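The values are calculated or read from the model by the stated rules, or taken from the named source; none is laboratory data. These numbers come from a predicted model, not from an experiment. Please note: Cβ atoms are built from the backbone with ideal geometry, for glycine as well, and neighbour counts cover all protein chains shown. Accessible surface areas use protein heavy atoms only, side chains included; no ligands, DNA or RNA. Shrake-Rupley method; radii C 1.70, N 1.55, O 1.52, S 1.80 Å.
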Amino acid sequence: MSNNRIPIHSILGSDVVEKISVWAEKSPTISELVEFLSLEFQIDITSDLDIVNGYERDCSNINGNAEVLCRPINELECALVLRCCQSVKIPLTISAGRTNLTGSATPEGGVILSIEKMTQPKVKVDSASKTITTPVGIYLEDMRKEALRQSNNKLHYPVDPTSRKEAMVGGTLSCNASGFIPGPAGATRYWTEGLEFLTPNGFKISCKRGDYISENGEFIIDFPDGEVIVKVPSYPRPDIKNASGPFSDENGHVDLVDLLVGSEGIFGLITSSTFRLKEMPDEFLDMFFTLPNEIDAVRFHHYISNHFEGDLSQITALEYFGYNCQTYMDHRETLFNSTTEVGIYLQIPLYNETVEDVAEDWLNILTNSDCGIHEDGILLLNTPQNWQTFFEARHSIPSNALEKTRQLDTWSILTDTIVPPDNFPEFLDVTHSILQTADIEYLLFGHLGDCHLHFHLIPTKDQQHKALEVYHQIIEKSAELDGVYSAEHGTGKRKRPDFLKCYGEEAAEQVRSAKAALDPDFLLNRGNVVEPVGVQIR
Ligand SMILES: Cc1cc2nc3c(=O)[nH]c(=O)nc-3n(C[C@H](O)[C@H](O)[C@H](O)COP(=O)(O)OP(=O)(O)OC[C@H]3O[C@@H](n4cnc5c(N)ncnc54)[C@H](O)[C@@H]3O)c2cc1C
């Protein structure tokens, strides 16, 4: 039976708690924290700035700063670090693969807790329940491979973000990372069955999906020195792919698992997770095909949605290569002809069927779509050579765009906006118009199955200010059209203003209130999603 009262486990013995209290009473410095944790508890912790500096920056490229790095190896060590930092009010930032693009692992002072050594107990697949239990410090791709290996290729973990070889399981949970599959099944939250989790003051909560559901908008957590009420955010959350802000529900019913996944580490540290697995398809049918223009691509999205009766999670990829991608793409002459501007990569999972069985049918489905798709514009990717060509073409786009950015000695902006399908054409029209009026170089690609396309802006140096203004206009437009600013990258520190534009100050206050209930001084992952208000910054 589910309820909203959450029991906690004290994993630190009373003698240890007492030792920490006595130590904290002396108002220790951060150097004394290093000494205490290493000498008393043999935790890997250092204030050697040559080492710490390597963890201060993530893929957002925002400048960070920290004084100390620690690399705990298990939940007990994590609990010790959390407890000590809370006791003496030292900020602590959790760091995993550091591939986030929003600054969510960028430290703003204090200690960095890297989860890279949180690799035990080893990944375990339970074939009967079709689940996998995993530590958080391993790379997502290693976990995905382990799922296949232990199940003899029968079960797989379908979430496949592009960064899966560099992102760790903990990071993907915390950001609700998503991959190519359209719909909710593309994102981490959908597959998360259970979590082991430490509160900011180092107590443990174990939760399975369905165990704890907030009532009247509240969870009650039973800490040893009294209960704490956490009011869950209730800002309206559009029912689309969404990584913007912690999970919320207007009626106040939130599963604890849903609240923790995607909360960017502001409520605590996840130490282990159990995911559901899916039956591995026998084969995939992979196709790349071209269309005359963007309008045809949007029509194709509509057509294919109807074909699958609105459930696009039956396909495993519907990726779009739109405006200006050809300019940045190797092998464009092999993939496109002079009458086609845009392309789509479609992947269909096959169960009890072979590519030979279905290829002909799919050629017919595509050419009958009335979206300008011709047989000579369809490339089956199920031969090594065709796959290689497509693979190189696809991966050349970001690297050529990066090269252009370097040549211009500038930076680029990647939007992560999404709007509901009905508003998608209008959003595209307006955004193209904003960008073309500003005369900023850009390209457009992304996850057509979710109506989630990335505009990649490459302003010249002189246009940088204008590019930021344009970005804000795009964010405003997405909010106006019932969308959100982030479908997959999250908020971190960079997109806090976007959260406000999208959900408003009251929503930020709701997140702050939930955060403050567990972490009154905003010490853990300070600055993610919302700015701390009314706390003293150490
Ligand atoms: C080239 C590239 C491609 C990308 N492609 C995708 C994509 O296809 N889909 C997508 O969704 N994202 C993508 N991203 C964004 C990024 O990879 C994801 O957000 C990823 O989930 C971050 O994981 P990480 O291990 O790098 O976490 P980090 O960047 O280290 O941390 C991210 C956040 O998670 C928190 N955190 C980490 N571990 C824990 C934990 N155990 N408990 C609590 N909080 C924790 C951190 O404090 C931080 O707030 C891409 C990024 C790059 C650079």
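Summing Cβ point charges (Lys, Arg +1; Asp, Glu -1) relative to the Cα centre of region 408-490 gives a dipole of roughly 200 debye.
Basic side chains Lys and Arg get +1 at the Cβ, acidic Asp and Glu get -1 at the Cβ, and with that the dipole of region 239-284 about its Cα centre reaches some 180 debye. Using the Cβ-Cβ distance between Ser206 and Leu148 with R0 set to 25 Å, the FRET efficiency from 1/(1 + (r/R0)^6) comes to roughly 0.40. Placing a label point 7 Å from the Cα of Asp429 along the Cα-to-Cβ direction, the residues of region 280-296 with a backbone N closer than 18 Å are 293-296. Rg over Rh for region 281-395 works out to 0.94, both radii taken from alpha-carbon positions and Rh defined as the Kirkwood radius. Using alpha carbon centroids, what distance separates region 443-499 and region 257-289, in Å? Region 443-499 and region 257-289 have Cα centres spaced 24 Å from each other. Residues Ser10, Ser38, sorted by accessible area with the largest first, give Ser10, Ser38 [1.4 Å probe; ligands and nucleic acids excluded]. If you take the alpha carbon atoms of region 6-117 and fit the smallest convex hull around them, that volume is 110 Å³ per residue. Per-atom-type breakdown for the chain gives carbon and sulfur 48% of the accessible area (1.4 Å probe, protein chains only). The packing ranking, built from the mean of other Cβ atoms within 10 Å per residue, places the peptides 220-230, 275-285 in the order 275-285, 220-230, highest first.
When only Cα pairs below 8 angstrom with a gap of at least 6 residues are kept, the chain shows a relative contact order of 16 percent. Computed about its Cα centre, the charge dipole of the chain is approximately 1380 debye, with only Lys, Arg, Asp and Glu carrying charge at their Cβ.
Take the chain with all the other protein chains still there, run a 1.4 Å probe, and you get 42 Å² of accessible area per residue. Kindly write out, for region 191-202 in residue order, the coupling ³J(HN,Hα) from the Karplus curve 6.51 cos²θ - 1.76 cosθ + 1.60 (θ = phi - 60°), rounded to whole Hz, with x marking Gly and Pro. Result, rounded to whole Hz: 9, 7, 9, x, 9, 10, 8, 10, 6, x, 9, x. Axis angle, to the nearest 10 degrees, between helix 464-480 and the longest C-alpha principal axis of the chain: 90 degrees. Binning all Cα-Cα separations of region 124-279 at 5 Å, short to long from zero, yields these whole-percent fractions: 2, 9, 18, 22, 20, 14, 9, 4, 1, 0. Centroid-to-centroid, using Cα positions, region 117-181 and region 512-528 are 28 Å apart. Computed on the Cα atoms alone, the convex hull of region 408-490 gives a volume of 82 cubic angstrom per residue.
The separation of region 300-331 from region 75-95, counted between C-alpha centres, amounts to 44 Å. Size descriptors for the chain (Cα atoms only): Rg and Dmax, in that order, 23.9, 76 Å. Only helices enter the 222 nm calculation for the chain: every DSSP H run of n ≥ 4 contributes -39,500 (n - 2.57), and dividing by all residues gives -10000 deg cm²/dmol, rounded to 500. A Förster radius of 22 Å, combined with the Cβ-Cβ distance separating Asn306 from Thr354, puts the computed FRET efficiency at roughly 0.30. Put a dot 7 Å past the Cα of Asn368, heading toward its Cβ, do the same for Glu250, and the two dots end up 4.0 nm apart. In terms of the mean number of neighbouring beta-carbon atoms within 10 Å, the peptides 338-346, 185-193 order highest first as 185-193, 338-346.
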